[in-house]
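Written out below as structure tokens is the structure these notes cover.
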Amino acid sequence: MPKSVASKRSTWVAPVVLIVVLGFAIAICVWFLNWLQTPLTGSDFHQVCGQLPEGSLAADCIALRSTIATERAAVSAERALWVSFGSMLVGVASIFGLLFVWLQGRGAIELAAEANRITLENGQAQARAYVVIQSVECQLNQQGHLVTRVGFHNSGLSPARGVRWLFQAKLNIVPEGQEPLCLEMGAEPNLEKSHWRQDISAGVSWVSRPHGLLVSEKSDVIDTINDAVFIAATIKIMADYADVFGVRHDEVACFQGRIALADQPYSNLDRAHDSACDV
């Protein structure tokens, strides 16, 4: 059953049950009070005593009247039990009514809390920082280091705190007259080891200082790189930052492109699909 249907049903079942129980209890009370308002009159007692045999003493009449009064009291007590039963029903109905009101109140409080939470989340989502990895520039120097500069942009409405980043790379090298060579550099980035802690204001771009990864310490590999006719790189950038509400957000991006050598300016890499970073 849908939650809305069950909620609508619960809103009218309890009042109807309360009305029926209260009506039944009131009917019992009215019936009992109406019976109490019709006591035996003097003529009734005269008729009772008149039914005794002739010559009966006045004490016999009094005893008979006493017996009738006792029976009437017993009937009255029996009917009083019905009134007590009606009172008990009213008490039970009142308890269920209080329980129903409490449940309805708790449900209203939960709905209000959920509405406040959604409003707060929407407000934070609109006001927080949104940092994206905008660009990656690379160069392969003569010491065998892949040097990278990363550009970030905060498109949010508030500053980004403590932007950290690291990268992982894979080089595809095509030497002249030799078999292509594939080199992987860097382990899975652990941002806890990053020494970058940069704040970026709202609507501002920032380019990091160059950061290098050692391609290889082997001289023959470095010679192969220097003699290469084509070098391409796949760069995986991992970054995170905190918004003004203290919540940290992750950002991962993949870039690919041809790499510039030491005597050339930095090469701008192109944004690639994230699956290309599965190095």
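The values are calculated or read from the model by the stated rules, or taken from the named source; none is laboratory data. This structure is a prediction, so every number in the text was calculated from the model and none was measured. Cβ coordinates were reconstructed from backbone atoms using ideal geometry, including for glycine residues, and neighbour counts include every protein chain displayed.
Taking the condition of being of a type outside the set (Asp, Glu), assigned to a loop (DSSP other than H, G, I, E, B) and under 34 Å from the mean Cα position of the chain (by Cα), how many residues in segment 221-279 meet it?
5
Out of the residues in segment 171-181 that are within 24 Å of residue 276 (Cα to Cα) and surrounded by 10 or more Cβ atoms within 10 Å (Cβ to Cβ), which is farthest from the chain's Cα centre (by Cα)?
Residue satisfying both the conditions and the ranking: 175.
Suppose we filter 270, 274, 199, 250 for residues that are touching a Cys at 6+ places or on another chain (Cβ under 6 Å) and free of Cβ contacts under 8 Å to residues at least 60 places away in the same chain; which single one remains?
Only one candidate qualifies: 274.
Determine which single condition residue 244 fails, assuming it passes every other condition in (1) farther than 20 Å from residue 159 by Cα; (2) hydrophobic (A, V, I, L, M, F, W, C); (3) in contact with a strand residue (DSSP E or B) (Cβ under 8 Å, 6 or more places away or on another chain).
(1)
Hey, can you tell me all the residues within segment 182-193 that are closer than 16 Å to residue 252 by Cα and outside any loop (DSSP other than H, G, I, E, B)?
191, 192
Residues in segment 141-164 that are over 22 Å from residue 206 (Cα atoms) and either modelled with pLDDT of 90 or more or surrounded by 17 or more Cβ atoms within 10 Å (Cβ to Cβ) (or both): how many?
2
Filter segment 241-279 for residues that are β-branched (Val, Ile, Thr) and either in contact with a Gly (Cβ under 6 Å, 6 or more places away or on another chain) or closer than 21 Å to residue 187 by Cβ (or both); which is surrounded by the fewest Cβ atoms within 10 Å (Cβ to Cβ)?
Looking at residues that are β-branched (Val, Ile, Thr) and either in contact with a Gly (Cβ under 6 Å, 6 or more places away or on another chain) or closer than 21 Å to residue 187 by Cβ (or both), I get 252.
Please go through segment 199-217 and give me each residue that is within 33 Å of the chain's Cα centre (by Cα) and surrounded by 17 or more Cβ atoms within 10 Å (Cβ to Cβ), ordered by number.
Correct list: 200 only.
Out of 185, 238, report the one residue that is farther than 24 Å from residue 129 by Cα, crowded, with 18+ Cβ neighbours inside 10 Å and either of a type outside the set (S, T, N, Q) or assigned by TED's automatic domain parsing to the domain that holds residue 141 (or both).
Of the residues listed, the single one that is farther than 24 Å from residue 129 by Cα, crowded, with 18+ Cβ neighbours inside 10 Å and either of a type outside the set (S, T, N, Q) or assigned by TED's automatic domain parsing to the domain that holds residue 141 (or both) is 185.
So residue 212 clears everything in (1) assigned to a loop (DSSP other than H, G, I, E, B); (2) touching a His at 6+ places or on another chain (Cβ under 9 Å) except one condition, right? Which one?
Residue 212 satisfies all of (1) assigned to a loop (DSSP other than H, G, I, E, B); (2) touching a His at 6+ places or on another chain (Cβ under 9 Å) except (1).
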